[in-house]
Amino acid sequence: MNKIGSIEGKQRIKILYIRPPYSYWPLVNQSDNCLAPLNFLCLAAYVREHVPNVEQKIIDCMHRRIGFGTLARILEEEQADIVGVGDMICYYKEGMRVVELAKQANPNCVTIAGGTFFSHTVEFVLGNFPELDYIVRYEGEETLRDLIETLRAGNDPADVKGIAYRDGDRVCVTPPRPLIENLDDLPIPAYDLIPVDKYSPRGVMFRNSMTIQASRGCPFGCEFCTWSYTEGERTLGPDGQVVFTPRIRRKSPQRMIEEIAVLYEKYGVRHLVWVDGTFNSDTQWQDEFSSEILRRKYKLTSWGFYRADLMLDQEEAGVLEKMVQAFVTHCFFGAERGEQTDLDILGKKGISPDTLTRCCHMLERKYPHVVRQTTVLIGIPDETPKKLKNLSRYVRDLHVDFLGVHGIMPYPGTPAYNKYKDIVEEWDYSKWDMFFPVMPAKDMSRAQIAHWSHEISLDFIRKQPLRYLRGMFSRYRLRRRLHWWIAGTVAWLIARDFVASIMGKKQFEGFAGVQNLRRPEWYNS
């Protein structure tokens with residue numbers, strides 16, 4: 001087992017936050033696949049404000065097209081004292097490869113992982129990757145600060161709340177850390193550590209954009225979603241067990257405007273990618289925020305996760321029109337299912353299938369330039385072909401522009417994980433990419449569920465071809481650009497795979513192959 005890293009007594013330390021090379025979804029171009037790593041920007045800003053004598057760098061391999069070979073050389077040159085990683089579940093192996101390279105470059109460096117996956121899988125990760133020293137769990141700013149100061153002073157990490165680490169062969173998990181109550185107290189993300197103006201330069205969906213977050217947490221607690229269960233509140237109960245409570249905290253509209261002013265006026269950003277779990281969760285907030293955007297005459301577009309019932313309320317209150325005038329151009333909804341009993345199974349509370357239909361039809365009628373996108377989940381325990389045929393019909397009746405069909409991922413840390421873990425068949429987390437089912441249904445195999453994923457996706461176009469054609473020739477540039485991109489990319493991917501199959505390089509999968517993650521050619525360079 002590797003010796004744990006140490007920064008004890010160091011007057012000045014260097015921290016590298018690293019996003020490794022990883023595979024991408026080909027239906028979203030490479031530029032759109034690597035949006036700015038907001039997690040690192042927030043952590044670096046907080047550390048800079050609260051920890052003295054720290055040099056920090058963000059190495060975004062996806063943005064700079066740095067392969068693992070080049071990254072190994074960079075780590076040798078930098079000789080960092082702390083290396084931090086953290087990304088989506090399907091990229092955890094790449095993150096662990098980074099910490100392995102970091103230890104090879106400097107065996108005494110401290111390696112840290114954070115984010116949703118690592119926060120919920122401490123036993124698995126620390127038990128399988130000896131190069132990783134610490135996991136910063138859930139909300140990271142205060143925890144990372146305390147961990148750095150504790151290690152620098154040579155004190156016991158057991159006193160740091162919100163971390164996990166090894167003590168010999170034993171995995172230690174410290175008590176949960178209280179949430180940061182006032183998000184306005186956080187510094188503006190450290191945009192100066194990345195080339196903001198060069199992110200997503202060739203983006204189709206997110207051109208010249210920046211990730212941004214107004215709130216943390218989600219009040220709805222859908223059983224399959226990680227937002228609520230990562231950004232909610234954890235306390236110790238009387239019996240010493242951790243008690244979870246869904247929470248949502250927001251920056252004030254005024255504080256959010258400060259961030260946007262920096263992006264808009266200093267860096268020229270015009271498109272915002274909201275990463276809030278439910279961006280429109282507060283109507284009064286949206287009213288005040290939109291009013292200020294309009295007052296300043298900022299010309300903004302945006303993408304975000306929205307909830308349909310709240311959007312209908314905002315339309316009735318006269319706020320949605322203001323939101324659309326100010327910035328709303330692309331709405332992403334989680335339809336999930338078209339039957340109420342299925343939504344109940346998924347723990348999606350307080351909303352009905354009809355709600356999304358009414359919302360999308362309202363947007364189509366009153367705000368036709370706003371792009372409408374949704375996803376559905378398939379592979380629920382009582383899944384049948386008949387239910388999936390009904391689901392396919394439901395999503396076509398929604399009148400959305402784009403559809404994503406995903407197998408249920410019972411992510412660690414969610415109620416869905418505890419409910420379905422005994423029937424999961426695929427335990428290689430790097431394959432939990434949202435497209436291919438990891439568990440069967442009672443009467444359907446994973447292969448059958450995957451087949452229906454492709455059928456629903458194809459039916460969305462082939463059973464309403466005029467709607468898709470209208471999108472390709474829409475008077476609205478964003479909708480037109482997205483429709484042409486997807487049509488062209490699907491055709492190109494299928495043709496490329498067909499040629500590769502003729503040459504004996506792979507088996508031809510047809511449309512099914514379109515959804516496969518693909519490694520960039522520079523992945524190992």
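The values are calculated or read from the model by the stated rules, or taken from the named source; none is laboratory data. This structure is a prediction, so every number in the text was calculated from the model and none was measured. Cβ placement follows ideal geometry from the backbone for every residue including glycine, while neighbour counts extend to all protein chains displayed.
Quick notes on this one:
- Which listed residue is closer than 30 Å to TYR367 by Cβ, in the same structural domain as GLU223 (by TED's automatic domain parsing) and crowded, with 18+ Cβ neighbours inside 10 Å, from ILE456, ILE449: ILE456
- Of the criteria (1) under 21 Å from the mean Cα position of the chain (by Cα); (2) in a strand (DSSP E or B), which one THR235 fails: (1)
- Elements of the type helices (runs of 4 or more DSSP H) sitting completely within the stretch 253-361 and holding at least 2 residues that are in contact with a strand residue (DSSP E or B) (Cβ under 8 Å, 6 or more places away or on another chain): these cover 253-261, 308-316, 340-346.
- The listed residue being at positive phi and not assigned by TED's automatic domain parsing to the domain that holds MET88, out of MET444, MET472, MET439, MET434: MET434
- Among residues of the stretch 1-38 being surrounded by fewer than 17 Cβ atoms within 10 Å (Cβ to Cβ) and among the basic types (Lys, Arg), the one that is modelled with the lowest pLDDT is LYS3.
- Residue list for the stretch 88-107, restricted to those being closer than 26 Å to ARG152 by Cα and either assigned to a helix (DSSP H, G or I) or modelled with pLDDT under 95 (or both): GLY95, MET96, ARG97, VAL98, VAL99, GLU100, LEU101, ALA102, LYS103, GLN104, ALA105
- The residues of the stretch 162-192 that are touching a helix residue (DSSP H, G or I) at 6+ places or on another chain (Cβ under 7 Å) and basic (Lys, Arg), listed by number, are ARG166, ARG177.
- Cβ pairs under 9 Å, 6+ apart, first in the stretch 175-187 and touching a residue at least 12 places away in the same chain (Cβ under 8 Å) and at negative phi, second part of a loop (DSSP other than H, G, I, E, B) and aromatic (Phe, Trp, Tyr): PRO176/TYR138; ARG177/TYR138; LEU179/TYR138
- Within the stretch 188-212, the set of residues being in contact with a Leu (Cβ under 9 Å, 6 or more places away or on another chain) and free of Cβ contacts under 8 Å to residues at least 60 places away in the same chain is empty.
- Test for ASN390: is it under 19 Å from PHE124 (Cβ atoms), polar (S, T, N, Q) and either crowded, with 22+ Cβ neighbours inside 10 Å or in the same structural domain as MET444 (by TED's automatic domain parsing) (or both): no
One line per residue, one yes/no per condition, for (1) of a type in the set (A, V, I, L, M, F, W, C); (2) within 19 Å of the chain's Cα centre (by Cα); (3) under 20 Å from PHE333 (Cα atoms):
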| site | (1), (2), (3) |
| --- | --- |
| ASP169 | no, no, no |
| PRO175 | no, no, no |
| ASP192 | no, no, no |
| ASP197 | no, no, no |
| PRO201 | no, no, no |
| ARG207 | no, yes, no |
| CYS222 | yes, yes, yes |
| TYR229 | no, yes, yes |
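- The set of residues in the stretch 369-386 being over 27 Å from the mean Cα position of the chain (by Cα) and under 23 Å from GLN325 (Cβ atoms) is empty.
- Among the residues of the stretch 393-431, those identified as of a type outside the set (D, E, K, R) and either over 28 Å from ARG234 (Cβ atoms) or not assigned by TED's automatic domain parsing to the domain that holds HIS369 (or both) are TYR394, VAL395, LEU398, HIS399, VAL400, PHE402, LEU403, GLY404, VAL405, GLY407.
- VAL400 being assigned to a strand (DSSP E or B) and surrounded by 20 or more Cβ atoms within 10 Å (Cβ to Cβ): no
- Yes/no for MET444 being among the aliphatic types (A, V, I, L, M) and over 19 Å from the mean Cα position of the chain (by Cα): yes
- ARG270 being touching a Ser or Thr at 6+ places or on another chain (Cβ under 8 Å), surrounded by fewer than 19 Cβ atoms within 10 Å (Cβ to Cβ) and of a type outside the set (Asp, Glu): yes
- Test: residue in the stretch 381-397 that is more than 23 Å from LEU458 (Cβ to Cβ) and in contact (Cβ under 8 Å) with a residue 24 or more places away in the chain: yes
- Among residues of the stretch 476-503 being surrounded by fewer than 16 Cβ atoms within 10 Å (Cβ to Cβ) and hydroxyl-bearing (Ser, Thr, Tyr), the one that is nearest to LEU363 (Cα to Cα) is TYR476.
- Taking the stretch 436-466 as the range and being in contact (Cβ under 8 Å) with a residue 60 or more places away in the chain, farther than 26 Å from GLU426 by Cβ and either in contact with a Gly (Cβ under 8 Å, 6 or more places away or on another chain) or not in a loop (DSSP other than H, G, I, E, B) (or both) as the test, no residue passes.
- Test: residue in the stretch 143-154 that is in a helix (DSSP H, G or I), in contact with a Leu (Cβ under 7 Å, 6 or more places away or on another chain) and either assigned by TED's automatic domain parsing to the domain that holds GLU259 or closer than 21 Å to LEU35 by Cα (or both): no
- Residues of the stretch 412-433 that turn out to be surrounded by fewer than 21 Cβ atoms within 10 Å (Cβ to Cβ) and assigned to a loop (DSSP other than H, G, I, E, B), as a count: 7
- Of the residues making up the stretch 196-218, one or more are modelled with pLDDT under 90, touching a Ser or Thr at 6+ places or on another chain (Cβ under 9 Å) and of a type in the set (Phe, Trp, Tyr).
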